[in-house]
Each structure stands twice: as C-alpha cells, then as structure tokens.
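Q: Let me give you the structure first, and then I'll get to my questions.
The values are calculated or read from the model by the stated rules, or taken from the named source; none is laboratory data. Treat the numbers as computed from the prediction; the structure is a model and nothing was measured. When we count neighbours, we look across all protein chains shown, and the Cβ atoms used for this are built from the backbone with ideal geometry, even at glycine.
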Amino acid sequence: MEPDTNPPIADDDPAKAFADLRGEVSLLRRAVEGLTAERQNAPDYTPTLAGLSGRLAHQDQLLGKIAESPAMRLTPENLAVSIAKASEIARAGDRESLDKAEAALRASIASINGVVEQAWAADRQWKQLYWTASVATLAGALGALSILHVFG
C-alpha cells in the first residue's frame, strides 16, 4: 500500500498532526523491525546446499563415465558397420560349410555324369556291334546267294 502523497488537510491542529506522524513512523518502525526479524529467523540453507552440491558432483562424475563409454560413441553409421562385420564373422563358418557341400555335390554330379557317359558309350558299342553284325550277316547272306546263283 502506497502512502498518500497529498493527504487532505482537515484541520490545522499541530498536536494532531504530530500524533498522526508519530503513528505513521511507529508503523514504519514496526515494519522494518519485522523485516529484520524475518531475515534473522530465516533458516540456514548452507548444509542443504552443500549436500546438493555433493550429489551434483557425484552425478557429474557418473555422467562423465557414461559419456566416455564406448556405447555413447556409437553413431548409427558405426553401429551399422559393427553389425555388418559381426554378421560376416558369424556367416564365415556357414559360407565354409556351404562351399564344402557345393564341392561334394559337384564331385557327386561329376561321378554320376561319368557313370551315365559310360552307360551311353556301352549302349553305342552294343548298337554298333548289332549293326555291324547285322550288316555282316546280310552281306554274307547276299554273298552266299550270289555264289549260289553264279554256280548254281
């Protein structure tokens, strides 16, 4: 509340004016004493602030350790490279097994192809032998008929 800067002058009694002034000064004095007492009765926050400071320092140390950890240095790109390397290492054994299986399969196919080629070669030989024998028999029969026809 602001004091009235221009109080109305009702009467010119100096004693009354001094009494009013004395009351206002007394009121101001009690207000100032109350502020001083409040300030003197204020709690001391030093131990609380010291505790908070210690906890903040401890948390700062923990955050420093976390910031220095390898996981915090990983970026999405670094993580993708690490995952790719780990998957290559994990799949290396599988790749080796697949390569061995592929080699065994190729060897089996080559063996089967060899057997099939031998069977075809044997079949061709039998066919050639059959045709040769057939032609020879036919030629012999024709030769015998022509000899019989000439001498006969």
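Q: Any residue at all in the range 145-152 that is surrounded by fewer than 10 Cβ atoms within 10 Å (Cβ to Cβ), not acidic (Asp, Glu) and not in a helix (DSSP H, G or I)?
A: Checked the range 145-152: at least one residue is surrounded by fewer than 10 Cβ atoms within 10 Å (Cβ to Cβ), not acidic (Asp, Glu) and not in a helix (DSSP H, G or I).
Q: In the range 37-76, which residues are at pLDDT below 75 and surrounded by 10 or more Cβ atoms within 10 Å (Cβ to Cβ)?
A: Listed by number, the list holds a single entry, ALA37.
Q: If you check every pair at least six apart or on different chains, which have Cβ atoms under 9 Å apart with a residue in the range 66-89 that is polar (S, T, N, Q) first and a residue that is assigned to a loop (DSSP other than H, G, I, E, B) second?
A: That search, which allows pairs on different chains as well, returns SER82/LEU74.
Q: Is it the case, given these coordinates, that ASP94 is surrounded by 10 or more Cβ atoms within 10 Å (Cβ to Cβ) and either in a helix (DSSP H, G or I) or in contact with a strand residue (DSSP E or B) (Cβ under 6 Å, 6 or more places away or on another chain) (or both)?
A: no
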